[in-house]
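To start, the structure itself, in structure tokens.
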Amino acid sequence: MTERALFDWLLWGWTALAVVVFIALFFVSAPYGRHSRPGWGPSVPPRLGWFLMETPSWVVLTACLLARSRPVDPAAGALYAVWVAHYVYRSMIYPLTIDPASRRMPLAVAVMGGGFNLVNAYLNGRWLFEFGPVRPVEWLWSAPFVAGIALMVLGFALGVWSDRILRQARAASGGRYVVPSRGLYSLVSCPNYLGEILEWAGFAFAAWSLPGLSFALWTVANLAPRAASHHRWYRATFAEYPANRRRLVPFVL
């Protein structure tokens, strides 16, 4: 079997698996953060856990770049830059904002997250640098690319801003969980997850590829159920939690 044939089988199977995971995560919340619970084996400090989860994504994409057999077109180069910027932030900068005293992360969760990022980066990297079409420079000002990059920037900014609001609220309460109310937290329980979904939906538009779409679907499959779990947790923990606050999308969901 050629690598391209294996790539195609992996892409379709991986995308189908996202549907299964989406359904499963409504019944079993990933056991880290506020949903931590025993029974998941050895654990690691949260900063190390995030590093282990997120680093494979930019490392594997870089390996795909180096293993290419053709020149890098401008669009692929731009998408590589925004991808690596996101994951360097997630693997090296975001972990430093986590309180070292936060709950430890099961090593199994970190390994599974790293495995997900490895497969996802392989599919997108090989498409961008080897199997996908070579985009002319004009693609950089096409409607999908411009709209996609704008959506990525918007989503990334929303995620970073929302994480900062949550972090400041916990710091002001001495490290305890509280009901955040600034920014989009006044409308939804998880604006940081909404930002992540917008970001990778933007990537799918800018790349205009099946691997990009698969990644966007996986982002929804992972984060929409977790937003529902967070929303239930807030309502169960805080009697004063606003009844009109949505889980993920203002006024809708």
For segment 26-88, run through the trypsin sites (Lys or Arg not before Pro) and keep only the ones in DSSP coil with at most 15 other Cβ atoms within 10 Å of their Cβ.
-> 68
Ordered by residue, what ³J(HN,Hα) values in Hz, to whole numbers, does segment 53-59 give under the Karplus form 6.51 cos²θ - 1.76 cosθ + 1.60, where θ = phi - 60° and Gly and Pro are x?
-> 5, 8, 4, x, 5, 7, 5
Applying the gyration tensor rule to the Cα atoms of segment 125-170 (axes a ≥ b ≥ c; rounded if a/c under 1.5, else prolate if a/b exceeds b/c, else oblate), the class is oblate
Checking 115, 13, 148 against a Gaussian network model of the chain (alpha-carbon springs below 10 Å), the top fluctuating residue turns out to be 13
Could you list the GluC sites (Glu not before Pro) in segment 164-242 that lie in coil according to DSSP, counting only those with at most 10 other Cβ atoms within 10 Å of their Cβ?
-> 240
In sequence order, calculated HN-Hα J values of segment 127-141 (Karplus, 6.51, -1.76, 1.60; Hz; x Gly/Pro) | 5, 5, 10, 9, 9, x, x, 7, 7, x, 4, 4, 4, 5, 10
What length, rounded to one decimal in nm, is gained on full extension from residue 253 through to residue 142, with 0.36 nm per residue of separation minus their alpha-carbon distance?
-> 36.8 nm
Mind checking which of 211, 95, 42 has the largest fluctuation in a GNM of the chain, springs on alpha carbons under 10 Å?
-> 42
Lys/Arg Cβ at +1, Asp/Glu Cβ at -1, dipole of the chain taken about the Cα centre: which of 156, 122, 178 is farthest positive-ward?
-> 178
Under 5 Å, built H, 5+ apart or other chain: amide partners of residue 44 = 105, 107
Mean Cα-pair separation over length for the chain, i.e. relative contact order, pairs under 8 Å, 6 or more apart, % = 25
Over all viewing directions the Cα convex hull of segment 166-253 casts an average projected area in nm² of 6.2
How long, wide and thick is the chain, going by the Cα atoms along their three principal axes, in whole angstroms, largest first?
-> 57, 40, 32
Sorted from largest down, what three extents in whole angstroms do the Cα atoms of segment 1-135 have along their principal axes?
-> 47, 32, 21
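Treating only the Cβ of Lys, Arg, Asp and Glu as charged (+1, +1, -1, -1), what charge dipole size does segment 3-237 show about its Cα centre? Round to the nearest 20 debye.
Approximately 940 debye in magnitude.
Hey, how much of the P(r) for segment 1-59 falls beyond 14 Å, as a percent of Cα pairs?
For segment 1-59, the share of Cα pairs beyond 14 Å comes to 73 percent.
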Residue-normalised 222 nm signal for the chain, counting each DSSP H run of n ≥ 4 as -39,500 (n - 2.57), nearest 500 deg cm²/dmol, is -21000 deg cm²/dmol
Say each of residue 236 and residue 81 gets a label point 7 Å from the Cα, pointing the same way as Cα to Cβ; how far apart are those two points in nm?
-> 4.6
Would you mind listing how long segment 64-113 runs along its three principal axes, going by Cα atoms, in whole Å with the largest first?
-> 46, 22, 13
When N is the residue count of segment 67-196, what does its C-alpha Rg come to as a fraction of 2.2 N^0.38 Å?
-> 1.30
Kindly rank 107-113, 120-126, 222-228 from highest to lowest mean number of other beta carbons found within 10 Å of each residue.
-> 120-126, 222-228, 107-113
Whole-angstrom gap from segment 185-253 to segment 85-160, using each part's C-alpha centre | 16
Those chymotrypsin sites (Phe, Trp or Tyr not before Pro) from segment 146-242 that are DSSP loop and have at most 13 other Cβ neighbours within 10 Å turn out to be 238
The chain: most fluctuating residue of 98, 197, 149 per GNM, C-alpha cutoff 10 Å | 98
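Bear in mind that the values in this text are calculations on the coordinates, not laboratory data. Keep in mind it's a predicted model, so treat the numbers as computed, not measured. Every residue, glycine among them, receives a Cβ derived from its backbone with ideal geometry; neighbour counts consider all protein chains shown.
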